[in-house]
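Comments concern the structure below.
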Amino acid sequence: MQSSQSNVKISQKPEGLSIHFAFAAMTSLFFIWGFITALNDILLPYLKGAFSLSYLQAGLVQFCFFGAYFIVSPFAGRMLEKVGYKNGIIIGLGTVAAGCCLFFPAAEAAIYAVFLFALFVLAAGIAILQVSANPYVAVLGSEETAASRLNFAQAINSLGHTAGPAFGAILILSAVEQSGSAKAVQLPYLLIAVALVVVALVFYKLKLPNISEHLDESKAASHFTLFSHKHLTYGVLAIFLYVGAEVAVGSYLVNFFMQLGIEDMTTVTAGKMVSYYWGAAMVGRFAGALIMRYVAPTTLLAINSVLAVAMIIVAVNSSGEMAMWTILAVGFFNSIMFPTIFTLAIRGLGEHTGRGSGYLCQGIVGGAILPMIQGQAADMMTLQWSFLIPAVCYLYIAWYALRGSRVSVPVGESTSDAEKQTKHPERS
């Protein structure tokens, strides 16, 4: 396969960290935003009860959180060009910490809109971290193992997702049950803010290898847009639908489990069960990082998408523990989707890889839209049947794996390289 990132290189200074150490440092960021993002699955049912919200109104939690990606990602990309990846990471961590601190006045005032604003600020910081870390990890080593490497980093992200709901269930939901206080979110988010400041100080002291993009002068003036490459265009939609489906399923698990009539199921127990959803994704990503060294990413992506649809169909047509475990199994099949779609979508972009990454990060706004659509569907029919909304998203991802991810050729460029990539799908 032709180098999709042939003009994106690592400039490692002698005094800088080794590439392996730099990779370890970057994966810590994946854990952090995974941990914080998963807390939304606990925050949503907490706020739904505290403010007597409908499912659609509660869905505004994810709308404000993931909506920040769409608004902030383009500015984050331009900012990184000016300040560099390291400073961008520090700014991102500081912004997330500021958002966490805003939860204190939000709880004091007990105003839903203030909570939503705090979530937007917090997510703006995470968007900066995403735009920084995903392309950094993708080029931090051999291109042949880019998908495998990004899957491993996403596995660490899933570890954070797994720990987040358990942390939230213990410190938020159990505190609400015991005291009845709406201020249960203050301490957990202040603790996170302190930890983020410490991590920002650590990154300030680190000397990371630099990433530089070397433009082909003959193409520097070429006009590049989202629609220049069809496989990127379809990939942005795939990211939109994948993140939307993943977040929509996770957002309503607690409420769904409480409706299944499972013996001894409490809000706290249901909150802890959400960790299995993200834990399954973590296991799947570690396994996927190994499997994709032998199986084409497109094949594995198609298989996982179809099996995710199968699990949802079983879940909406069953009850009790059968419905619970099959919907949790969707997390396992989610595992390799984001990093695989991401690496397939930026193939062949060369000097435009950074711009393409920005478009893909904007696609994360699907996490804002799909939970709202599923929430509206739950209000109109039943919560259980509303899970068919994510199922439709997974069907598109299966199509993208088999057809839409084929590398396209922009107007005015040779078809030979793209044809090679189309006939010989990437094996990482």
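The values are calculated or read from the model by the stated rules, or taken from the named source; none is laboratory data. This structure is a prediction, so every number in the text was calculated from the model and none was measured. All Cβ positions, even for glycine, are placed from backbone atoms using ideal geometry, and neighbour counts span all protein chains on display. Ligands, DNA and RNA are stripped out before the accessible areas are found, and what is left, the full protein with its side chains, is counted by its heavy atoms. Shrake-Rupley method; radii C 1.70, N 1.55, O 1.52, S 1.80 Å.
Structure summary
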read-out	value
Qualifying residue in region 7-22 (condition: surrounded by 22 or more Cβ atoms within 10 Å (Cβ to Cβ) and modelled with pLDDT of 85 or more)	no
Within region 95-112, tally of residues that are within 24 Å of the chain's Cα centre (by Cα) and either of a type in the set (S, T, N, Q) or open to solvent by 40 Å² or more (accessible area, probe 1.4 Å) (or both)	4
Unmet criterion (only one of (1) at pLDDT 90 or above; (2) within 27 Å of Met372 (Cβ to Cβ); (3) β-branched (Val, Ile, Thr); (4) more than 16 Å from the chain's Cα centre (by Cα)) for Ile239	(4)
Scan of region 57-100 for residues that are touching a residue at least 60 places away in the same chain (Cβ under 8 Å), under 21 Å from Val243 (Cβ atoms) and of a type in the set (Phe, Trp, Tyr), ordered by number	Phe63, Phe65, Phe66, Tyr69, Phe70
Which numbered condition Leu116 misses (of (1) buried (at least 24 other Cβ atoms within 10 Å of the Cβ); (2) in contact with a Cys (Cβ under 6 Å, 6 or more places away or on another chain); (3) not basic (Lys, Arg))	(1)
Residue satisfying all of: in region 159-174; surrounded by fewer than 21 Cβ atoms within 10 Å (Cβ to Cβ) and over 17 Å from Thr37 (Cβ atoms); modelled with the lowest pLDDT among these	Ser174
Residue that is most open to solvent (accessible area, probe 1.4 Å), among those in region 84-94 that are more than 12 Å from Ala193 (Cα to Cα) and hydrophobic (A, V, I, L, M, F, W, C)	Ile91
Selection count where residues are in contact (Cβ under 8 Å) with a residue 40 or more places away in the chain, within 26 Å of Phe63 (Cα to Cα) and open to solvent by 40 Å² or more (accessible area, probe 1.4 Å), scope region 227-265	4
Near pairs, Cβ below 6 angstrom, 6+ apart or cross-chain, from region 349-366 (assigned to a helix (DSSP H, G or I) and of a type in the set (S, T, N, Q)) to any residue that is modelled with pLDDT of 75 or more and open to solvent by 10 Å² or more (accessible area, probe 1.4 Å)	Gln362/Phe70
Pick from region 367-383, criterion in a helix (DSSP H, G or I) and β-branched (Val, Ile, Thr), ranking: modelled with the lowest pLDDT	Ile369
Conditions (1) polar (S, T, N, Q); (2) over 21 Å from Ala398 (Cα atoms); (3) within 17 Å of the chain's Cα centre (by Cα): number failed by Ser305	(2)
Among the residues listed as Ala38, Ala50, the single one being under 24 Å from Phe152 (Cα atoms) and modelled with pLDDT of 75 or more	Ala38
Residue under evaluation Gly271, criteria (1) over 21 Å from Gly244 (Cβ atoms); (2) of a type in the set (Gly, Ala, Ser); (3) open to solvent by 10 Å² or more (accessible area, probe 1.4 Å), criterion not met	(3)
Hits in region 271-283 (condition: modelled with pLDDT under 90 and among the small types (Gly, Ala, Ser))	Gly271, Ser275, Gly279, Ala281
Matching residues, region 58-83, being under 22 Å from the mean Cα position of the chain (by Cα) and surrounded by fewer than 18 Cβ atoms within 10 Å (Cβ to Cβ)	Ile71, Pro74, Phe75, Arg78
Candidate set: region 392-408, residues that are among the hydroxyl-bearing types (Ser, Thr, Tyr) and outside any helix (DSSP H, G or I); chosen: the one surrounded by the fewest Cβ atoms within 10 Å (Cβ to Cβ)	Ser408
Residue in region 366-388 that is under 25 Å from Ile291 (Cβ atoms) and either within 18 Å of the chain's Cα centre (by Cα) or among the polar types (S, T, N, Q) (or both) present	no
Residues located in region 181-215, provided they are at pLDDT below 75 and either open to solvent by less than 60 Å² (accessible area, probe 1.4 Å) or part of a helix (DSSP H, G or I) (or both)	Ser181, Ala182, Lys183, Ala184, Leu208, Pro209, Ile211, Ser212
